[in-house]
Amino acid sequence: MGGFVRAHSGWRTPSSIEATLLKRLRVLEDRGFVEREGITYRITEAGLDYLNAASIDKTEELKQRRRVERAIREYNDGVRAQLRQKLGKMNPYAFEHLVKDLLEAMGYEDVEVTRASGDKGIDVAGTVQVGITAVTEVVQVKRHQGSINRPVLDQLRGSLHYFKAIRGTIITLGGFSPGCKEAVLYPGAAPITLIDGDRLLDLLIQHGIGVRRVPVELLELNEESLAKTVHAAEG
């Protein structure tokens, strides 16, 4: 018992622990929660009722917390859906600039949106640090929410040399066909990264592009603080 008290209270010496426990037992006895039999104490029906009520309070508190957490998740899911809807209606050129902002937030440098004509299917280009080497990466942006097929990937891979790039990325609000996914790491060919709509939303939210985080403050009882206050008053 002494070890438990030392671990969960501010009392450390055996004498202070013993005195405190005796005080608490007398209080519980006075309230009818325990009764003394010689040198032992037994919990009464009133004490059991009190424990059950306290347990119910804790259970209700946990339920309330889970309801709040569920409400926050549902709200965030709604904001995520709104963001996807906004992106789907965004001007294609503005969408490319959004991707530029994202790349810069992710640590890319010298990021540029290419000209609308003569871009060889490349929408955004930038440099990124890979180990001790800075490499050029090009990005093709697809705002539509359909499935991207293998020819789009092949076109991007074939355009890398125009920008002296060694790798590329396709970013879309939609998804990718199985053939497109299979061609990502082709032996002897430049690697291509595929970012679908769900992953794009994750990255935008992670880096605060198009959304902002609002602090939510939750209060909970500090039982240890209250116990120390009661102890100080009783001392």
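A few points about this structure:
- Selection over region 191-204 of residues that are under 17 Å from residue 138 (Cβ atoms) and surrounded by fewer than 17 Cβ atoms within 10 Å (Cβ to Cβ) gives a count of 2.
- Verdict on residue 45 being among the acidic types (Asp, Glu) and in contact with a strand residue (DSSP E or B) (Cβ under 9 Å, 6 or more places away or on another chain): no
- Looking only at region 137-184, and only at residues there that are surrounded by fewer than 18 Cβ atoms within 10 Å (Cβ to Cβ) and in contact with an Asp or Glu (Cβ under 6 Å, 6 or more places away or on another chain), the one that is nearest to residue 88 (Cα to Cα): 175
- Filtered by the rule that a residue be in contact with a strand residue (DSSP E or B) (Cβ under 8 Å, 6 or more places away or on another chain) and farther than 17 Å from residue 110 by Cα, region 125-144 gives 141, 142, 143, 144.
- Residue in region 104-114 that is assigned by TED's automatic domain parsing to the domain that holds residue 144, surrounded by fewer than 12 Cβ atoms within 10 Å (Cβ to Cβ), polar (S, T, N, Q) and more than 22 Å from the chain's Cα centre (by Cα) present: no
- Against the numbered list (1) at pLDDT 85 or above; (2) surrounded by fewer than 12 Cβ atoms within 10 Å (Cβ to Cβ), residue 76 comes up short only at (2).
- Considering 20, 40, 13, the condition of being over 31 Å from the mean Cα position of the chain (by Cα) and touching a residue at least 60 places away in the same chain (Cβ under 8 Å) is satisfied by 20 alone.
- Strands (runs of 3 or more DSSP E) contained in region 85-146 and holding at least 3 residues modelled with pLDDT of 90 or more and out of contact with any Leu (no Cβ under 8 Å at 6 or more places or on another chain): 109-113, 133-142
The values are calculated or read from the model by the stated rules, or taken from the named source; none is laboratory data. Computed from a prediction, not measured in an experiment: that's the story for all the values here. Cβ sites come from the backbone with ideal geometry, for glycine too, and all protein chains shown count toward neighbours.
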